[in-house]
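Structure first, commentary second.
Coordinate-derived values only; no laboratory data. Note that this is a predicted model, so its numbers are computed, not measured. A quick note on method: Cβ atoms are made from the backbone with ideal geometry, for glycine too, and the neighbour counts reach across all protein chains shown.
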Amino acid sequence: MPTFDDKTRTELEAAAFRKLVEHLRKRNDVQNIDLMNLAGFCRNCLSNWYQEAAQEKGEALSKDDAREIVYGMPYKDWQAKFQKEATAEQKAAFAKSEPHKH
C-alpha cells in the first residue's frame, strides 16, 4: 500500500469525499432507507459526520447547514422533491438490520 504524507492523504480523502457527495446528489433516485439497508449509512449519516468533524475542529456548523452541504439544497427541499414513502419491505429490512445510532 502506498504511503502518502499527511497533506497529500488529506487532499486525496477530501477529493474522494467530494466525489461521493457529487455521486449521491446525482443519484437522488436512491432513497436513504435503501442506503441504510444496504450500506449501514445514508446521506444524513454523512452530514452528521461532517458536522461532528467541524465541531472537533472548533467550527460552528448547524445540522441544517451540514445537510445542505451533502444534499446540495436544503434538506426539506430534497425531501419534497425526491423522498418517497418507505415501503413495508424497506421498513422491515431497516428494522431487521438494527442500524446503530450515529
Give me a comma-separated list of calculated 3J(HN,Hα) values for the stretch 9-14, in order, Karplus coefficients 6.51, -1.76, 1.60 applied at θ = phi - 60°, integers in Hz, x for any Gly or Pro. 4, 4, 5, 5, 5, 5
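Treating only the Cβ atoms of Lys and Arg (+1) and Asp and Glu (-1) as charged, compute the dipole magnitude of the chain about its Cα centre; round to the nearest 20 debye.
Values: 17 positive and 17 negative charges, 63 e Å.
Its charge dipole is roughly 300 debye.
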May I ask for the angle, rounded to the nearest 10°, between helix 43-56 and the longest principal axis of the chain, with both axes built from Cα atoms and the value confined to 0 to 90°? 40
Straight-line reach check, K63, cutoff 20 Å on alpha carbons, 8 or more apart in-chain or any other chain, hits among aspartates and glutamates -> E22, E52, D77
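Which whole-number percentage describes the relative contact order of the chain, with Cα contacts under 8 Å and a sequence gap of 6 or more? Kindly include the intermediate steps, with their values, before the conclusion.
Working: 62 pairs, mean separation 29.2, N = 102.
Averaging sequence separation for qualifying contacts and normalising by length gives 29 percent for the chain.
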Would you mind checking the pairs K19/K57; K19/K76; K7/K81; K57/K96 and listing those with alpha carbons more than 29 angstrom apart? K7/K81; K57/K96
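Take the chain, mark every one of the trypsin sites (Lys or Arg not before Pro) that falls in a DSSP loop and has at most 15 other Cβ within 10 Å, then report the longest stretch left between them, sites excluded. Before the final figure, lay out each step's value.
On the way: sites that count: R27, K57, K84, K101.
No qualifying site falls inside 28-56, the longest such stretch.
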Show that you can apply the helix-only estimate: for the chain, add -39,500 (n - 2.57) for every DSSP H stretch of four or more residues, divide by all residues, and state [θ] at 222 nm to the nearest 500. -21000 deg cm²/dmol
√(5λ) per eigenvalue of the Cα gyration tensor, the chain, largest first, Å: 27, 17, 14
Taking +1 at the Cβ of each Lys and Arg and -1 at the Cβ of each Asp and Glu, which of A60, H23, W49 sits farthest along the dipole of the chain towards its positive end, judged by Cα position relative to the Cα centre? H23
